[in-house]
Amino acid sequence: MKYKLTLFLTLLTSLVLGLTQLDYAQGFLTVDGKKIVDQNGQEIHFRGMGLGGWLEPEGYMFLTSSFANSPSQIHDAIQNLIGVDSTVKFYDTFRKDFVTEADMKALHDWGFNLVRVPFHYNVLTPTDSPGVYIPAGFALFDSLISWCKKYDIYVILDMHCAPGSQNSDNIGDYNPSVPSLWQDTSKQTRTVEIWKEIAARYANETTVAGYDLLNEPHWDLGTSNTLLRDLYVRITAAIRSVDTNHIVFIEGNTYATDFSGLTPPWDGKMVYSFHKYWNTNDAGSIQSYLNIRSAYNVPLWLGESGENSNPWYTDCISLMDQYDIGWSWWTLKKFNTINAPLNVPITSGYQQLLNYWEGKASQPSVAFATSALLGMADRLRFGNCVFMKDVIDAMMRQPIDYSTLPFVDDTIPGTIYAVNYDLGRIGYAYSDADFENIGGSNTTWNQGWSYRNDGVDIEQCSDAASNGYDVGWVNTGEWMQYTVNIVKAGTYDIGVRYASNQAGGQFILRLDGNLLTPSAVGVPVTGGWQNWQTLTVPQVELPAGTHALRTQFMSSGFNLNSFSFVSVPTGVESSHQHPLEFQLGQNFPNPFNPGTVISYQLPAVSDVTLKVYDILGREVAALVSGRQNPGSYSITFNAAGLPSGVYFYRLEAGGFVKMKRMLLLK
């Protein structure tokens, strides 16, 4: 099956457009009971993307958290290194490259109809000059709005960093040495004035859906949040004095989760915006917000979510669709990421700057540092980013479609890389024991943090025969599935490229559910997790056509790189060198507790039995019973339920009988 990115995007967009209201009306959005509607009264279901990092850089997005976490800290680190003038030049370039028309076209093509624009107030007005506004800052808004108008995308403006900060975190650019927004009434007044200026400028702009007044307030404001409500009411009144057209979006305290004291609504065009991170995707996780909607007949909007795995994304969006709640994801692009639509790989020059800032390298020259920063800004341009199609598929197709799609064109004969399993939901395209974060911000779902954002653990691979990545940290029962095009029916040798630093690993292969390997294939030790060898599964019969190939891990203990399928001509022996005689090897390790690996060889197709007996001759385990092809085999014997002592294992195959002794010590 030929799989092209353009076809993928076309099908994806068609699915979403067919099932989701994306009609863009040339009129203002408004509120009608529990719904956000266009000028014709048609409900608009927001499918949005946040532009985080563009106008309020955060340390984790740019890999600077260890030394510069907030927007001001990042700015100061850069300015201390390259000077004032070069810093101004860098930020101008950075902002120009970060969000372009190409980004908005891509969002439209992927099926989005909204962007949420987080901004630092100092992009629009100098920190120390109330009442003075920066034309270049508003020009950024203007350019974005013009692109969004062209591509039928709504815009919500979000004050992410208010004067003094509305929270005590880097995301609000909080500086503990100065009063916060809640400790300085002049900063509250300035926040009101800034919003009035914004509303006056965009009062008649239909592409703007509305104003998200404060991102994630987080402060001890008492049980009733009186100060927060009072400020929201003041901002709303100031906006309404110049703009009666747009919706105001209200976030609760404690990172947009606590709406105590913020009901009932005080404006007729008001939406309650909650945020959702790192918790379960069930009705209970949003019940308090559903209660607000029901009690006050107002719309809800999931204004921010993300920073999780693909299956979590799919489940969260499915939950929002179930309860008719629009959403906006965080965020479009980040440096060295797997869980955003666009990955920005860092340059070697930028890595040198990080090394310097972290105290691992000497200070670079101003010229070098400036060049490295500008080079990184260039990497932000849409065409230079890596498109993470698995993320978009999880967000836009998988909530409404349980089928799988090929990740790449996998053709047999040829090589199939383990990391290129199909696109699709967990349980349909793959299965993995740890696949989402529902326990906190530091829980990972992908141990290698590379290549894809599913639960499958993928790491960078040193093997020259790889595509740069391998599947590691495998657990018993996990599996991946690949849509393969078998060009011709015939007999194939399968070369499995693997690395193992411990005994006991096993896997099986299936085609359309049918076993290709008559029993689990044992994986010998290679002496390291990146010491790669090839294990051959010989003479496997494959039919022509499109099929589902699945590899399943029967036990852990190895990393998987690829499967190479080589056709064996009719009437010609396999290129794999079969054993010349029957052999039964000594188990390893021995003594053992509780697991050990038993290896044997078959020179011809044979009926095989491998059993374990205790010292009294009683059978305690039947490890193999069935017909097997010639080759080398390894079977793991787990004696967890047996007492310490001497045991015997006995192989019968094609008239060959052999028994060996082993010792279990607990």
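Looking across segment 607-639, the residues that are out of contact with any Lys or Arg (no Cβ under 7 Å at 6 or more places or on another chain), small (G, A, S) and part of a strand (DSSP E or B) come down to S625, G626, G631, S632, S634.
Going by the structure shown, is R661 exposed (fewer than 15 other Cβ atoms within 10 Å of the Cβ) and within 22 Å of P594 (Cβ to Cβ)? Judged against the criteria, R661 is a match.
Exactly one residue among I508, I486 is within 23 Å of F637 (Cβ to Cβ), of a type outside the set (G, A, S), in contact (Cβ under 8 Å) with a residue 24 or more places away in the chain and out of contact with any Phe, Trp or Tyr (no Cβ under 6 Å at 6 or more places or on another chain), and that residue is I508. Does segment 566-577 contain any residue that is outside any loop (DSSP other than H, G, I, E, B) and surrounded by 20 or more Cβ atoms within 10 Å (Cβ to Cβ)? No, every residue in segment 566-577 fails to be outside any loop (DSSP other than H, G, I, E, B) and surrounded by 20 or more Cβ atoms within 10 Å (Cβ to Cβ). A count restricted to segment 270-285 and to residues that are farther than 21 Å from T331 by Cβ and not small (G, A, S) stands at 4.
Quick grid of which residues meet (1) surrounded by 17 or more Cβ atoms within 10 Å (Cβ to Cβ); (2) not in a loop (DSSP other than H, G, I, E, B):
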residue	(1), (2)
N355	no, yes
G359	no, no
F368	no, yes
G375	no, yes
I392	yes, yes
M395	yes, yes
P399	yes, no
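Inspection of segment 413-420 identifies at least one residue that is part of a loop (DSSP other than H, G, I, E, B), over 13 Å from M480 (Cα atoms) and modelled with pLDDT of 95 or more.
Kindly indicate the residue of segment 626-636 that is surrounded by 12 or more Cβ atoms within 10 Å (Cβ to Cβ) and more than 20 Å from P591 (Cα to Cα) and also nearest to the chain's Cα centre (by Cα) among those meeting that condition. Filtering first and then ranking leaves Y633. Within this structure, V271 fails the test of being hydrophobic (A, V, I, L, M, F, W, C) and farther than 17 Å from F46 by Cα. When you look at K187, is it free of Cβ contacts under 8 Å to residues at least 60 places away in the same chain and under 24 Å from V37 (Cα atoms), yes or no? Against the criterion (free of Cβ contacts under 8 Å to residues at least 60 places away in the same chain and under 24 Å from V37 (Cα atoms)), K187 does not qualify. Determine whether Y272 is free of Cβ contacts under 8 Å to residues at least 60 places away in the same chain, surrounded by 16 or more Cβ atoms within 10 Å (Cβ to Cβ) and touching a helix residue (DSSP H, G or I) at 6+ places or on another chain (Cβ under 7 Å). It is true that Y272 is free of Cβ contacts under 8 Å to residues at least 60 places away in the same chain, surrounded by 16 or more Cβ atoms within 10 Å (Cβ to Cβ) and touching a helix residue (DSSP H, G or I) at 6+ places or on another chain (Cβ under 7 Å). Would segment 107-127 turn up any residue that is touching a Leu at 6+ places or on another chain (Cβ under 7 Å), surrounded by fewer than 17 Cβ atoms within 10 Å (Cβ to Cβ) and over 19 Å from L374 (Cα atoms)? Yes - at least one qualifying residue is present in segment 107-127. Once segment 503-517 is narrowed to residues that are crowded, with 18+ Cβ neighbours inside 10 Å and in a loop (DSSP other than H, G, I, E, B), the residue that is modelled with the lowest pLDDT is T517. Contact annotation: residue pairs with Cβ atoms under 7 Å, 6 or more positions apart or on different chains, pairing a residue in segment 53-69 that is more than 21 Å from L140 (Cα to Cα) with a partner that is of a type in the set (D, E) and part of a loop (DSSP other than H, G, I, E, B), are S66/E358; F67/E358.
Looking at segment 538-560, can you tell me whether even one residue there is modelled with pLDDT of 95 or more, more than 23 Å from Y428 (Cβ to Cβ) and buried (at least 20 other Cβ atoms within 10 Å of the Cβ)? Scanning segment 538-560 turns up at least one residue that is modelled with pLDDT of 95 or more, more than 23 Å from Y428 (Cβ to Cβ) and buried (at least 20 other Cβ atoms within 10 Å of the Cβ). Residues in segment 283-324 that are of a type in the set (F, W, Y), assigned to a helix (DSSP H, G or I) and over 21 Å from F435 (Cβ atoms): Y289, Y296.
Taken together, the criteria place L9 among residues that are at pLDDT below 95, surrounded by 16 or more Cβ atoms within 10 Å (Cβ to Cβ) and assigned by TED's automatic domain parsing to the domain that holds V344. Taking the numbered list (1) surrounded by fewer than 23 Cβ atoms within 10 Å (Cβ to Cβ); (2) within 22 Å of the chain's Cα centre (by Cα); (3) closer than 27 Å to T444 by Cβ in turn, G383 passes all entries but (3).
Within segment 437-465, the set of residues being closer than 20 Å to F553 by Cα, in contact with a strand residue (DSSP E or B) (Cβ under 9 Å, 6 or more places away or on another chain) and either β-branched (V, I, T) or surrounded by 16 or more Cβ atoms within 10 Å (Cβ to Cβ) (or both) comprises N446, G448, R452, D454, G455, V456, D457, I458, E459, C461. Tallying residues that are surrounded by fewer than 17 Cβ atoms within 10 Å (Cβ to Cβ) and under 31 Å from the mean Cα position of the chain (by Cα) within segment 483-502 yields 2. In segment 483-494, the condition of being part of a strand (DSSP E or B) and within 23 Å of G448 (Cβ to Cβ) is met by no residue.
Output yes when any residue across segment 637-650 is of a type in the set (F, W, Y) and either closer than 16 Å to P518 by Cα or under 40 Å from the mean Cα position of the chain (by Cα) (or both), and no when none is. Checked against the condition, which is being of a type in the set (F, W, Y) and either closer than 16 Å to P518 by Cα or under 40 Å from the mean Cα position of the chain (by Cα) (or both), segment 637-650 yields at least one hit.
The values are calculated or read from the model by the stated rules, or taken from the named source; none is laboratory data. In this text the structure is predicted, and so the values were computed from the model without any measurement. Neighbour counts are summed over all protein chains in view; Cβ atoms, including those assigned to glycine, are modelled from backbone coordinates with ideal geometry.
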